[in-house]
Amino acid sequence: AGGKIKIGARTFIDRGVIIRPLGGHVVVGDDCSVNAYCVLLGGGGIQIGDCTRIAAHSVIVASNHNFSDPDKAIKDQGLTLKGVVIERDVWIGAGARVLDGVVVGTGGVIGAGSVVTRSVDPGKVVAGVPAKIISER
């Protein structure tokens, strides 16, 4: 599937990063870093603001499988495509997962290994599975 990829000025994309728009888009702002072996899947659209840091092995997925009908194969139930927005000056720790429909507010921090299933208010620090607020900046 096609789509759009846009990488901002002075943004570093490390080796082994996989960026697939999957019919949507992946837009990474200026002065960002996307470190080794990250995966960005942009079916519903991924927007990453300026000055954001994404540590190694993190995954951002802007789609989700529907599975409510047990009489139908999951592959036949379609996808939700809400998208993911990472605002500016965010730090996503190593191995974190950010799932469809999430907005991470400006200055947010995602702890290593966290699974983010809900939006994060600006300046909040979240960690865990599922991620919960543990402090603020």
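The values are calculated or read from the model by the stated rules, or taken from the named source; none is laboratory data. Model, not experiment: these values are computed from the prediction. For neighbour counting, all protein chains shown are included, and Cβ atoms are generated from backbone atoms with ideal geometry for every residue, glycine included. We work out accessible area using only protein heavy atoms, side chains counted, and drop any ligands, DNA or RNA first. Shrake-Rupley method; radii C 1.70, N 1.55, O 1.52, S 1.80 Å.
Taking square-rooted eigenvalues a ≥ b ≥ c of the alpha carbon gyration tensor, is the chain rounded, prolate or oblate, where a/c under 1.5 means rounded and, failing that, a/b exceeding b/c means prolate? If you can, show how the numbers build up before the last one.
Details: a/c = 1.93, a/b = 1.26, b/c = 1.53.
The shape class here is oblate.
Based on the mean of other Cβ atoms within 10 Å per residue, sort peptides 115-124, 50-59, 64-73 so the most packed one is first.
50-59, 115-124, 64-73
Which residues does a label at LYS4 reach in the range 30-54, if reach means a backbone N under 11 Å from a point 7 Å past the Cα toward the Cβ?
Within reach of a label on LYS4, which here means backbone N under 11 Å from a point 7 Å along Cα→Cβ, the range 30-54 contributes nothing.
Put VAL84, VAL61, VAL129 in order of accessible area, largest first, 1.4 Å probe: what do you get?
Values: VAL84 0, VAL61 30, VAL129 110 Å².
Largest to smallest exposure gives the sequence VAL129, VAL61, VAL84.
Quote the relative contact order of the range 93-137 in percent (integer), defining contacts as alpha-carbon pairs under 8 Å separated by 6+ residues.
34 percent
When only Cα pairs under 8 Å and 6 or more residues apart are kept, what is the percent relative contact order across the chain?
16 percent
In the range 1-17, whose amide N lies under 13 Å from the spot 7 Å out along Cα-to-Cβ of VAL39? List them in ranges.
17
Using a probe radius of 1.4 Å on heavy atoms only, what accessible surface per residue do you get for the chain? Whole Å² is fine.
So the chain comes to 52 Å² accessible per residue, rounded to a whole number.
For a Förster distance of 30 Å, can you work out the FRET efficiency between the beta-carbons of ASP30 and LYS72, rounded to the nearest 0.05?
Efficiency, rounded to the nearest 0.05: 0.10.
Heavy atoms of the protein only, probe of 1.4 Å, neighbouring chains included. What is the accessible area of VAL85 in Å², nearest 10?
Roughly 60 Å² of VAL85 is accessible to a 1.4 Å probe.
Provide the percentage of antiparallel DSSP beta bridges, counting only those with both residues in the chain; round to the nearest 5.
Percentage antiparallel, nearest 5: 15.
Could you bin all the Cα-Cα distances of the range 14-76 into 5 Å bins starting at 0 and give me the percent of pairs in each, rounded to whole numbers?
It works out to 5, 17, 21, 22, 13, 8, 7, 5, 2, 0, in whole percents.
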